[in-house]
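Q: Mind looking over this structure? Questions follow.
The values are calculated or read from the model by the stated rules, or taken from the named source; none is laboratory data. These numbers were taken from a predicted model, which means no experiment stands behind them. Positions of Cβ are generated from backbone atoms using ideal geometry, with glycine treated the same way; all protein chains shown enter the neighbour counts.
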Amino acid sequence: MPASDRTRYIEIDVQSALTHMDNARMPGMKWSLNPYRGCRHGCVYCYARYTHTFLELDPSADFAQTVFVKRNLASALRRDLRQSTWRRERISIGTATDPYQPVEGRCQLTRGALLVLREQLTPAGLVTKNTLALRDADIMASLAQAAGFHLIMSITTLDEALARDLEPDVPSPQQRLRAVRELAQAGVPVSVAAAPVLPGITDGEAQLAALFEAAYDHGADVAFYQPFRMYAATRVSLFQYLHAHRPDLLEPYRRAYDTAQDPPSPYRQQLRERIQRIRQRLGPRHPQPDPVPAGQLSLGL
C-alpha cells in the first residue's frame, strides 16, 4: 500500500461485488459496486461516512484513515454477472467511496471491475473526483461502445483554496477539468456533477455559472447538481470545517439542519431557479443573456 500516507488499509474478501439498492430518492440506480470501503479523500461534506458506523468505526476520524480493500472484487463480480438470474442491468460504481482514490493506483480493483464489465457486456456508470480515471480511458471507451458507460466527474467549486479546505486529498478543480477534456477526447462519455452545493459556501450564482461554463468549455455537460444533505455521520466533520473557516455560518447551518437532512424548501426552490437561469444563459446550444444577481443564497432563516 502507499507508504506516504498514514491511512490504514485492510484487505478483505467479499461474497458478492454488488449491492442491491432500494432507494426511492435515486430511481434507476438498482445495483452499486464499491471497490473500497472508506475513502482517503476525506471530504468534509461526504455523506458516505455513515457506512463506517456499520463497522463500529468513527465516521469522522476513521472514514478517511481506515479503508477496506475488497481484494477479490473482480472474481466476485464475474461470479455475480455469470448467474443465470443476471439481466445485465446498469451498475453504479462509486456510490459510497471514490473508486479512484489513491490506493487504486496500486490495487487496480476498479480497473479489474471495468474489465469484467466489458467482458460480460454489462452497462455501468461511475462517479469520481480523481484524475486517475484517465488511466482506464481505453477500457471505459470500449465498454461504452459495447454495453454502455458514463463517467461523472464531481467538482464542487473552481476556487482552488476552497477546494483544498473542503476536499483535502483530491486533485484540484483545474486538474479534474483537464481530465474531463482528455476523457471526452478519448471517446469516454463524460459529464460533471456540481455536488454537493453548500449553502453560503459554493452556491453563489457567479460561482456556479463559472463551474457550468468550465464544464461546457471542457467538452462536458453538467449532469446534475445536488444541495448539501446533512447526515448524522457528517455533522462532526462539516461543523469542524465551519468552526475553522466559516464561523459566520455556524448558527444558520444549525438552524437549517436542526431536525432535517435537507435545507429549507424555499432555499431549494431558489437554488433550482438559479441553476435554471444559468443553464438558459450558458446552455451550449442556445446561450441566452440574463442578468446575474450577486452573492450567495440565504438559508432563509
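Q: Filter segment 113-150 down to the residues that are touching a residue at least 40 places away in the same chain (Cβ under 8 Å), under 18 Å from Leu177 (Cα atoms) and part of a strand (DSSP E or B) and list them by number.
A: Matches in segment 113-150: Val127, His150.
Q: Among the residues of segment 260-284, write down those that are surrounded by 12 or more Cβ atoms within 10 Å (Cβ to Cβ) and among the aliphatic types (A, V, I, L, M).
A: Within segment 260-284, Leu271, Ile275, Ile278, Leu282 qualify.
Q: For Arg87, work out the one condition from (1) assigned to a loop (DSSP other than H, G, I, E, B); (2) among the charged types (D, E, K, R); (3) out of contact with any His (no Cβ under 6 Å at 6 or more places or on another chain); (4) crowded, with 18+ Cβ neighbours inside 10 Å it doesn't fulfil.
A: It is condition (4) that Arg87 fails.
Q: A further question follows. Considering only residues of segment 185-222 that are more than 19 Å from the chain's Cα centre (by Cα) and among the charged types (D, E, K, R), which is nearest to Ala144 (Cα to Cα)?
A: Asp217
Q: Would you check which residues across segment 186-226 are small (Gly, Ala, Ser) and touching an Asp or Glu at 6+ places or on another chain (Cβ under 6 Å) and list them?
A: Ser191
Q: While we're looking at this one, here's another question. Does Arg40 satisfy the criteria of being basic (Lys, Arg), touching a residue at least 24 places away in the same chain (Cβ under 8 Å) and touching a helix residue (DSSP H, G or I) at 6+ places or on another chain (Cβ under 9 Å)?
A: In short, no.
Q: Would you point out which residue out of Thr156, Thr66, Thr95 is closer than 22 Å to Val192 by Cβ, modelled with pLDDT under 95, in contact with a Ser or Thr (Cβ under 8 Å, 6 or more places away or on another chain) and not aliphatic (A, V, I, L, M)?
A: Of Thr156, Thr66, Thr95, the one residue that is closer than 22 Å to Val192 by Cβ, modelled with pLDDT under 95, in contact with a Ser or Thr (Cβ under 8 Å, 6 or more places away or on another chain) and not aliphatic (A, V, I, L, M) is Thr95.
Q: Next question. For residues that are among the charged types (D, E, K, R) and in a loop (DSSP other than H, G, I, E, B), scanning just segment 151-169, find the one that is nearest to Cys43 (Cα to Cα).
A: Glu167
Q: For segment 213-224, check the following and say yes or no: at least one residue is at positive phi and either surrounded by 20 or more Cβ atoms within 10 Å (Cβ to Cβ) or without any contact (Cβ under 8 Å) to a residue 40 or more places away in the chain (or both).
A: Yes, segment 213-224 contains a residue that is at positive phi and either surrounded by 20 or more Cβ atoms within 10 Å (Cβ to Cβ) or without any contact (Cβ under 8 Å) to a residue 40 or more places away in the chain (or both).
Q: Could you tell me which residue of segment 30-45 is nearest to Gln15 (Cα to Cα), considering only residues that are charged (D, E, K, R) and outside any strand (DSSP E or B)?
A: Looking at residues that are charged (D, E, K, R) and outside any strand (DSSP E or B), I get Lys30.
Q: From Arg274, Arg229, Arg235, which residue is among the charged types (D, E, K, R) and in contact with a Leu (Cβ under 7 Å, 6 or more places away or on another chain)?
A: None of the other options fit; the residue is Arg274.
Q: What residue, among those in segment 226-259 that are more than 22 Å from the chain's Cα centre (by Cα) and small (Gly, Ala, Ser), is surrounded by the fewest Cβ atoms within 10 Å (Cβ to Cβ)?
A: Ala244
Q: Going through segment 1-58 one residue at a time, which ones are at pLDDT 70 or above, of a type in the set (Lys, Arg) and surrounded by fewer than 18 Cβ atoms within 10 Å (Cβ to Cβ)?
A: Arg6, Arg8, Lys30
Q: Filter segment 183-241 down to residues that are of a type in the set (Asp, Glu), closer than 18 Å to Arg268 by Cβ and not in a helix (DSSP H, G or I), then give me how many there are.
A: 1
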